[in-house]
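Colleague: Structure provided below as structure tokens; questions to follow.
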């Protein structure tokens, strides 16, 4: 975490230099530098003259010297910590702690020579430092840094880096870094004047195998005066990359769609219980989600105040708290209002809408109308690459979480006693009552379960949406559409409905834009309901309405 | 009994009282505004006249919802969309009347189009400089949308909750669409800064009085029309559909056609209400499409009493008066608590609404023939 923060704050070069310095000070010498250390006395002598021309030349020599001390010297120069003595022509490095070390050997120097001066730096030298540290990073001890340096070279396609690349390639042992270096070298060769056709075509093949945006940029840079064979090879490679990129783009949209679908699933799954199973048009469902998000906020505040060490676990703590709290609110609502309205579905809509207004206003009164900050634990930030896809941990966890909630709910309804009773009561209330099931109690528990699930959804949605009193309203219409689209009374329908709407939305977006895509989706759902008035997975039965 | 004192078939006693109140207000309010001095206790300031005019358009809107909810059992959660479409049609006429007096002084293009760097009027804005065309559009825009939407929905027998949800999706889609600048309806800001209506200054006191009187007349005519519809053979079929749709269908009626006609008439009434609303409040913006607005209309009807027509109008005026009263001043933060509480209380304790409960009480006292012309009791539509 700290290094990521630093990286953002410091310039890349400066950071690289600091990192190298600490690495040089603490780690054993890397494998690259084994054997006799190369002689760097000539560049050191040039540095000691303190003329800009000499300094620049010395930087060039140091960057390809292969000496383990070179990185430290360049970093010290960048920081203005490289000292020289005009009298003895000695070059020394001032450590950040204030001590002095010999530039060539790295040994501490006990007694400073008289008249010590810093080697001067101007803009030209700063550019040379940047180039030198880039080149040095190619042979850094850390493979990750070598990899980053290689792709930097590939993007810049600086012909001057070619000798350094060749040198680094010769020494490289890590396969990933080696292929990155080869790629960087091929990128330079493609654009370089005077390269034989055969070598250039080989380079195009190497770059074409990579198949990302960077490779596309490299291939487009084939000089205009290149031979027809080279141009044809480049065209072929570009077409291949564009094909594969198009496929990845579809993959990306599907991934975003699954991600949106799981958000919809989280938002709708509680409603699938209260509306789908119980038949209550629960307009307060969105507010249950909102309450869950506020529970998360309160839990995080408590953790910040009393035990900041637990912060990473705050969401895990918030989940049961939110479930119990919103579930309890749900039970209270069911006992005081909903139970008088069974069989009058459209009137439950009015009453629950009233409840939603009251809950919103209550939260607005307690927490204010503005957004509240809910932090993300460290395990939810960051991303990793999968092919050409960038997958953030936040999205990934929400998808996983949505699936877990779905499975847990399904298991509750299928495998537990209370689930059995819930299904019995919704299918045939009188028969269930005759079998000794306390239907009132089951009603309350079912509504509480649906509300509690909504609260859990709120915990997850607090990570991706603004936690404000209006949070719930933005989900209520989508939630109803998902449940109705999937087919009322069917959890699997809700899953399929959420995923299809999510993916369809993200597939439409590139062509129609976000708003038009959403409108198109609403129209599609409206038309779909005409075709299948009972949703995707309608419960089969012989009953007719009214 | 009926041989001695024949019931007025069309209106009934309470209907006559209602018409008397509305038309009386249409006469009395302008009179009190013009004939009394501003210091007089009886004086009605012009802003109150506009406020009352707004309530009357809401009452007409509630009436249109009651026609389909109370008598056909269609709970539309998207009626605000028809209201807003009528309002936009009127707003477009008013925008065209601004002419070169806009901020940018363009003789044809409204300000927001100049601001968006549009060079010419979009095709759908043509004709709106003529009042008869705009007036026609006030009826046609909501009417055609209702026709298309209803034709699909009723033919496929989408009923109950499903219909409510897709009407809500419809108004939500329109909300998103009208928020877009590219749609050519002024985007987020909507249409405003109106100057003239039919050559009269829209801000002038006289114009406001006339608009108020027109709103009252529209409400009265709307009531008579709805009352006529629900009392006719057509209306009896509607009520039968509400109570047992399948049975009506089995008896040989094309239920979907009856529903469609009622839905379209209702949408047009809502459009007229919107058209009268816009010049009185001076703005129309996409917020009118928001699903929450449409749900609020349902509450007005529920409070007043669904399936009574008078109740819908009464509920609209009462709830909106309460809203005006409570959202200004000390109690403002508690308005939503009250509105929410009202929703809950009405559904729990007053399921027939104010007027419905009154009828029930009156009938129980009379306990002979149903006094109001024998309409069946409204029943839930499930």
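Colleague: Give the number of residues within region B:29-66 that are part of a loop (DSSP other than H, G, I, E, B) and surrounded by 13 or more Cβ atoms within 10 Å (Cβ to Cβ). If you could, list the steps in order and put the result at the bottom.
Modeller: From region B:29-66, those part of a loop (DSSP other than H, G, I, E, B) are B:36-45; that's our starting set.
Imposing the further condition that a residue be surrounded by 13 or more Cβ atoms within 10 Å (Cβ to Cβ) reduces the set to B:36, B:43-44.
So the answer is 3.
Colleague: Which condition does residue A:317 not pass, out of (1) assigned to a helix (DSSP H, G or I); (2) touching a residue at least 12 places away in the same chain (Cβ under 8 Å); (3) within 13 Å of another protein chain (Cβ to nearest Cβ), if it passes all the others?
Modeller: (3)
Colleague: Residues of region A:339-359 being at pLDDT 85 or above and outside any helix (DSSP H, G or I), which ones?
Modeller: Correct list: A:341 only.
Colleague: State whether the residues of region B:318-329 include one that is assigned to a loop (DSSP other than H, G, I, E, B) and either more than 13 Å from every other protein chain (Cβ to nearest Cβ) or over 23 Å from the mean Cα position of the chain (by Cα) (or both). Step through it out loud before you land on a result.
Modeller: Taking region B:318-329 as the starting set, the residues that turn out to be assigned to a loop (DSSP other than H, G, I, E, B) are B:328-329.
From what is left, the residues that are either more than 13 Å from every other protein chain (Cβ to nearest Cβ) or over 23 Å from the mean Cα position of the chain (by Cα) (or both) are B:328-329.
Looking through region B:318-329, at least one residue is assigned to a loop (DSSP other than H, G, I, E, B) and either more than 13 Å from every other protein chain (Cβ to nearest Cβ) or over 23 Å from the mean Cα position of the chain (by Cα) (or both).
Colleague: Test residue B:155 against the stated conditions and say whether it is touching a helix residue (DSSP H, G or I) at 6+ places or on another chain (Cβ under 7 Å), at the interface with chain A (Cβ under 10 Å from one of its Cβ atoms) and surrounded by fewer than 16 Cβ atoms within 10 Å (Cβ to Cβ). Let's see the steps before the verdict.
Modeller: Details: touching a helix residue (DSSP H, G or I) at 6+ places or on another chain (Cβ under 7 Å): yes; at the interface with chain A (Cβ under 10 Å from one of its Cβ atoms): yes; surrounded by fewer than 16 Cβ atoms within 10 Å (Cβ to Cβ): yes.
Spelling it out, residue B:155 is indeed touching a helix residue (DSSP H, G or I) at 6+ places or on another chain (Cβ under 7 Å), at the interface with chain A (Cβ under 10 Å from one of its Cβ atoms) and surrounded by fewer than 16 Cβ atoms within 10 Å (Cβ to Cβ).
Colleague: Can you go through A:500, A:474 and tell me which one is at pLDDT 90 or above and either closer than 23 Å to residue B:291 by Cα or away from chain B (no Cβ under 11 Å) (or both)? Lay out the reasoning, then the answer.
Modeller: Values: A:474 fails: at pLDDT 90 or above.
Checking each option against the conditions leaves just A:500.
Colleague: Is it the case that some residue within region B:208-222 is within 14 Å of chain A (Cβ to nearest Cβ), free of Cβ contacts under 8 Å to residues at least 60 places away in the same chain and either outside any helix (DSSP H, G or I) or under 22 Å from residue B:267 (Cβ atoms) (or both)? Let's see the steps before the verdict.
Modeller: Going residue by residue through region B:208-222, those that are within 14 Å of chain A (Cβ to nearest Cβ) are none.
There is no residue in region B:208-222 that is within 14 Å of chain A (Cβ to nearest Cβ), free of Cβ contacts under 8 Å to residues at least 60 places away in the same chain and either outside any helix (DSSP H, G or I) or under 22 Å from residue B:267 (Cβ atoms) (or both).
Colleague: Scan region B:103-142 residue by residue and report those that are in contact with a helix residue (DSSP H, G or I) (Cβ under 7 Å, 6 or more places away or on another chain), closer than 30 Å to residue B:78 by Cβ and surrounded by fewer than 18 Cβ atoms within 10 Å (Cβ to Cβ).
Modeller: Within region B:103-142, B:116, B:127, B:129, B:131 qualify.
Here's the yes/no breakdown for (1) surrounded by 15 or more Cβ atoms within 10 Å (Cβ to Cβ); (2) outside the structural domain of residue A:60 (by TED's automatic domain parsing); (3) closer than 28 Å to residue A:390 by Cβ:
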position: A:153; (1), (2), (3): yes, yes, yes
position: A:179; (1), (2), (3): yes, yes, yes
position: A:182; (1), (2), (3): yes, yes, yes
position: A:185; (1), (2), (3): yes, yes, yes
position: A:196; (1), (2), (3): no, yes, no
position: A:200; (1), (2), (3): yes, yes, no
position: A:206; (1), (2), (3): yes, yes, yes
position: A:210; (1), (2), (3): yes, yes, yes
position: A:216; (1), (2), (3): yes, yes, yes
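Colleague: Related question: Exposed (fewer than 15 other Cβ atoms within 10 Å of the Cβ), within 23 Å of residue A:462 (Cα to Cα) and more than 14 Å from chain B (Cβ to nearest Cβ): does that describe residue A:309?
Modeller: Details: exposed (fewer than 15 other Cβ atoms within 10 Å of the Cβ): yes; within 23 Å of residue A:462 (Cα to Cα): yes; more than 14 Å from chain B (Cβ to nearest Cβ): yes.
Yes, satisfied.
Colleague: Of everything in region A:360-409, what is surrounded by fewer than 21 Cβ atoms within 10 Å (Cβ to Cβ), part of a helix (DSSP H, G or I) and within 14 Å of chain B (Cβ to nearest Cβ)? Give them in sequence order.
Modeller: The answer is A:361, A:362, A:364, A:365, A:366, A:367.
The values are calculated or read from the model by the stated rules, or taken from the named source; none is laboratory data. Being a predicted model, the structure only gives us computed values, none of them experimental. For neighbour counting, all protein chains shown are included, and Cβ atoms are generated from backbone atoms with ideal geometry for every residue, glycine included.
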